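Working notes, structure below.
The values are calculated or read from the model by the stated rules, or taken from the named source; none is laboratory data. In this text, all values refer to a predicted model and were calculated from it rather than measured experimentally. All Cβ positions, glycine included, derive from the backbone under ideal geometry; neighbour counts span all protein chains shown.
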There are 2 protein chains.
Amino acid sequence: MCGCKRRYAMTCPPQLEPANFKPQKVLILTKLSRYEFEKRRHPELTERQLEKCLRMRGSDYNILLYHHYIHKGVENTVNSVFTAAGIETRVVYRFDYSDPNIEWADAIVTTGGDGTYLLAASRILDRNKPLIGFNSDPTRSKGQLCLPQKYSVDVKEAVEKLLKGKFRWTFRSRIRVTLIGENIFKPPVELHDQQLRYHEYRYLDLEPQLHTLQKDISPCSGIGVARRVLPVLALNEVFIGECVSARVSYMELGFDDVKGIKQKCSGFIASTGTGSTSWTYNINKLTEQNMEEILTIVKEETGFKIQDTDQYFVSKITEKFNQMLITDPEVSKMVYTIRDQLVSSPMRSECVKPRGFAKTISVKSRCFDASLVIDGGLSFTFNDGTRALLEIHDEDALRTVTLLGDSTEVSFKH
Amino acid sequence: MCGCKRRYAMTCPPQLEPANFKPQKVLILTKLSRYEFEKRRHPELTERQLEKCLRMRGSDYNILLYHHYIHKGVENTVNSVFTAAGIETRVVYRFDYSDPNIEWADAIVTTGGDGTYLLAASRILDRNKPLIGFNSDPTRSKGQLCLPQKYSVDVKEAVEKLLKGKFRWTFRSRIRVTLIGENIFKPPVELHDQQLRYHEYRYLDLEPQLHTLQKDISPCSGIGVARRVLPVLALNEVFIGECVSARVSYMELGFDDVKGIKQKCSGFIASTGTGSTSWTYNINKLTEQNMEEILTIVKEETGFKIQDTDQYFVSKITEKFNQMLITDPEVSKMVYTIRDQLVSSPMRSECVKPRGFAKTISVKSRCFDASLVIDGGLSFTFNDGTRALLEIHDEDALRTVTLLGDSTEVSFKH
């Protein structure tokens, strides 16, 4: 029977049943290593000059080169293993990760870390186009979205399992964003691409906007309210807030049936289950430092004696709390976080819970210079008056693989 | 005897002893109300058009006007009370808050909220120039840096106490920032001023930079390493991180004697005691929501029975924890926060405590497009290789007043 979960069983095309899955064309999106990045950044420099330049900035040329070769090693192995299996491949950097290339492929493969995987995912709108990630530097990054780290070494085994149908499909929920208001059709800024330019060029990314801004001069130009479903889906999270980190963000939030909640904060984050181990996790996780202090207060207040008050106990409680923050990548609800929720005065407990679940979220911008950012990559303008509708739809899920015979199955709170 | 605390007693000039304090010239820095802001933003619109424009963005013209009048009321009262006392005044907006005006005055007074107070403070480098804040809209903002709210109504009483020496000086510690590296002399961007422009103009703020960027093209231009003590002092906090909110920040941190701690996070914040009730508080505060869940886990794990498990108990523990985060504005150490500290994998406890105290902090940027922001206002470029040294010096403290006969004295953990 089909490897898809029940909710997809009806719609899973026969050629996508694991036993029948035989991709002919694979597009390999590979990461630009830091070494390659620095080379592109300073084309005028010789190797020795680059080494000197990096040393002056406190970076070690040799370490960069070392990790560059580890990455290239995995990239080349992945490419040759697929080729050896009679599969046509194309290897591209993000600059050439285009819709024609994506349409051409039966499956997308990434060699890099989670960043590369997220970039690949954001452009795959077809639920029938699978995405598989190889972690090209397990020594440095966990690569939670990629295949287990052992497959970075044993690429061949992974590809064999894939081609022999020894896997099940996993459908990671994603967030669909609909913008409502004026000036919602501006081209987004790619925050990663920006980093690949000299700093003094980064503002040029915004030029297309500067050209089309005439209609902004009066936000009251009386044009009817437009709607736009964004051409990308969020696999990790949607961040909404002032572009500039140090500014307070003002917004009106709505969760499912509750509407019009005014908030001041350092940004709002709506996360998927996949994203619940990422940024959202790092914002909400409790540290052992805090837990230790909390337990001390509880003891003072109650005189209650914990038998094992040692570090082990603190760690256990902390882990149990943090584990609670992680949700199943396949569930169709969002975890939201109101970051650094502003309470007008210390000691006053806030009315809205800064963390919770919702099936539908609406955000109205009260910001001056805000952005809506998908997976830390694509940044859309989101200024005063604009509304964003965030939803999860089954048909937007990302098709990924879980190879069988690995002990990577986890159970989650729903 | 002198109203200064001991550490200042030796250096307190006689004319600044509360009994002798008789300012002749007072500079009043007043806030630009949202109504005035919108008027400036849309000079082409009539009142009726503005009303329509605001309504289209979901803002209420009448409420804006209402708060504008409250603000103007306080501003005018403050001005006339000082004038009536035979003191010369000048009322300015932030655009005219210039060094000549500041030098001209014996004391600076603000009418607005904490934002206006912070802006005023940032430019006062002379420890003998007092700053006094009137909260011009107590109905909306707490104004923790301003005089107690009752003085927004009874301005006269406040000025009388001030001129009769019925106050003590309070010296709020501030953070001195020294930048070390290349390209540290770029003009900063004023984030508040930016908001007072049309969006399409905001990039013009950066033009001076774009002109002087020639030397950036190769960060390796071999110029010797320069030092620069920034011309502003931080009263609340110094934020360091990627300009763009949604980007991860990389940096190397040093606290007192511990050096070279590599971190990934959503920015680093060094706060004063004054700032410990502000952004730093909102980042670190524990919510009752979390406390409830923690106590539930503790009970599950220990089977321990709390007598009053009700909301009251949760609130009490939460408040006690949060109170712990607040430190004395006069102490000469910083509270630092590593925001959203990135842990490479869930469940793994981080090595560096994300929150703590330090007398000296050094930060080395590993960022691509980062800024160092003083009190959420002045933003300095702080890119890869640049170092910042953060220190608190007694001579940098801000001279403010605590009027006597108010029950505003609080005690703090040191």
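When each of A:Ser80, A:Ser59 is tested for being within 14 Å of another protein chain (Cβ to nearest Cβ) and polar (S, T, N, Q), the lone residue that passes is A:Ser59.
One residue stands out among those in segment A:352-366 that are more than 8 Å from chain B (Cβ to nearest Cβ) and surrounded by fewer than 19 Cβ atoms within 10 Å (Cβ to Cβ): the one that is farthest from the chain's Cα centre (by Cα), which is A:Val352.
For segment B:115-132, the set of residues classified as touching a residue at least 40 places away in the same chain (Cβ under 8 Å) and among the charged types (D, E, K, R) consists of B:Arg123, B:Arg127, B:Lys129, listed by residue number.
Kindly indicate which of B:Asp340, B:Asp369, B:Asp384 is buried (at least 22 other Cβ atoms within 10 Å of the Cβ), at the interface with chain A (Cβ under 8 Å from one of its Cβ atoms), among the charged types (D, E, K, R) and touching a residue at least 12 places away in the same chain (Cβ under 8 Å).
On the way: B:Asp369 fails: buried (at least 22 other Cβ atoms within 10 Å of the Cβ); B:Asp384 fails: buried (at least 22 other Cβ atoms within 10 Å of the Cβ).
Checking each option against the conditions leaves just B:Asp340.
Does B:Gly260 satisfy the criteria of being more than 7 Å from chain A (Cβ to nearest Cβ) and at pLDDT below 90? Can you show your working first?
On the way: more than 7 Å from chain A (Cβ to nearest Cβ): yes; at pLDDT below 90: yes.
So B:Gly260 fits the description; yes.
Taking A:Phe239, is it farther than 29 Å from B:Trp279 by Cα and within 11 Å of another protein chain (Cβ to nearest Cβ)?
Values: farther than 29 Å from B:Trp279 by Cα: no; within 11 Å of another protein chain (Cβ to nearest Cβ): yes.
It is false that A:Phe239 is farther than 29 Å from B:Trp279 by Cα and within 11 Å of another protein chain (Cβ to nearest Cβ).
Applying the criterion of being within 25 Å of the chain's Cα centre (by Cα) and charged (D, E, K, R) to the residues of segment B:44-99, the residue that is surrounded by the fewest Cβ atoms within 10 Å (Cβ to Cβ) is B:Asp99. The residues listed here are B:Ser345, B:Ser379, B:Ser349; of these, the one that is at the interface with chain A (Cβ under 9 Å from one of its Cβ atoms), modelled with pLDDT of 85 or more and over 21 Å from B:Pro130 (Cβ atoms) is B:Ser379.
Of all residues in segment B:133-157, those that are at positive phi and within 11 Å of chain A (Cβ to nearest Cβ) have Cβ atoms under 9 Å from Cβ atoms of residues that are crowded, with 17+ Cβ neighbours inside 10 Å and among the aromatic types (Phe, Trp, Tyr), 6 or more apart or on another chain, in B:Gly143/B:Tyr117; B:Gly143/B:Phe134. Taking the numbered list (1) in a helix (DSSP H, G or I); (2) more than 22 Å from A:Arg387 (Cα to Cα); (3) within 14 Å of chain A (Cβ to nearest Cβ); (4) in contact (Cβ under 8 Å) with a residue 24 or more places away in the chain in turn, B:Lys39 passes all entries but (4). I'd like the full set of residues that are of a type in the set (A, V, I, L, M) and modelled with pLDDT of 90 or more, limited to segment A:278-296. Scanning segment A:278-296 gives A:Ile283, A:Leu286, A:Met291, A:Ile294.
For B:Gly267, the conditions (1) surrounded by 24 or more Cβ atoms within 10 Å (Cβ to Cβ); (2) in contact with a helix residue (DSSP H, G or I) (Cβ under 8 Å, 6 or more places away or on another chain) are fulfilled apart from (2). Residues in segment A:154-184 that are within 24 Å of A:Phe134 (Cα to Cα), in a loop (DSSP other than H, G, I, E, B) and either among the acidic types (Asp, Glu) or touching a strand residue (DSSP E or B) at 6+ places or on another chain (Cβ under 8 Å) (or both): A:Asp154, A:Lys166, A:Ser173, A:Arg174.
Condition (residue is out of contact with any Phe, Trp or Tyr (no Cβ under 6 Å at 6 or more places or on another chain), surrounded by 24 or more Cβ atoms within 10 Å (Cβ to Cβ) and either of a type in the set (A, V, I, L, M, F, W, C) or in a loop (DSSP other than H, G, I, E, B) (or both)) applied to segment A:120-128: is it met by at least one residue? Scanning segment A:120-128, I find at least one residue that is out of contact with any Phe, Trp or Tyr (no Cβ under 6 Å at 6 or more places or on another chain), surrounded by 24 or more Cβ atoms within 10 Å (Cβ to Cβ) and either of a type in the set (A, V, I, L, M, F, W, C) or in a loop (DSSP other than H, G, I, E, B) (or both), so the answer is yes.
When segment B:374-398 is filtered for residues that are assigned to a strand (DSSP E or B) and touching a helix residue (DSSP H, G or I) at 6+ places or on another chain (Cβ under 8 Å), the ones remaining, listed by number, are B:Ile374, B:Leu378, B:Ser379, B:Thr381, B:Leu398. The single condition among (1) in a loop (DSSP other than H, G, I, E, B); (2) over 18 Å from the mean Cα position of the chain (by Cα); (3) of a type outside the set (Lys, Arg) that B:Tyr151 does not meet is (1).
Output the residues belonging to segment B:265-307 that are among the basic types (Lys, Arg) and within 9 Å of chain A (Cβ to nearest Cβ).
Pass one, segment B:265-307, residues among the basic types (Lys, Arg): B:285, B:299, B:305.
Residues satisfying the conditions are B:Lys285, B:Lys305.
Take the conditions (1) more than 14 Å from chain A (Cβ to nearest Cβ); (2) within 20 Å of the chain's Cα centre (by Cα); B:Leu118 misses just one of them, which is (1).
Might you check whether a residue that is more than 24 Å from A:Val363 (Cβ to Cβ), among the aromatic types (Phe, Trp, Tyr) and at the interface with chain B (Cβ under 8 Å from one of its Cβ atoms) occurs anywhere in segment A:315-336? Looking through segment A:315-336, at least one residue is more than 24 Å from A:Val363 (Cβ to Cβ), among the aromatic types (Phe, Trp, Tyr) and at the interface with chain B (Cβ under 8 Å from one of its Cβ atoms).
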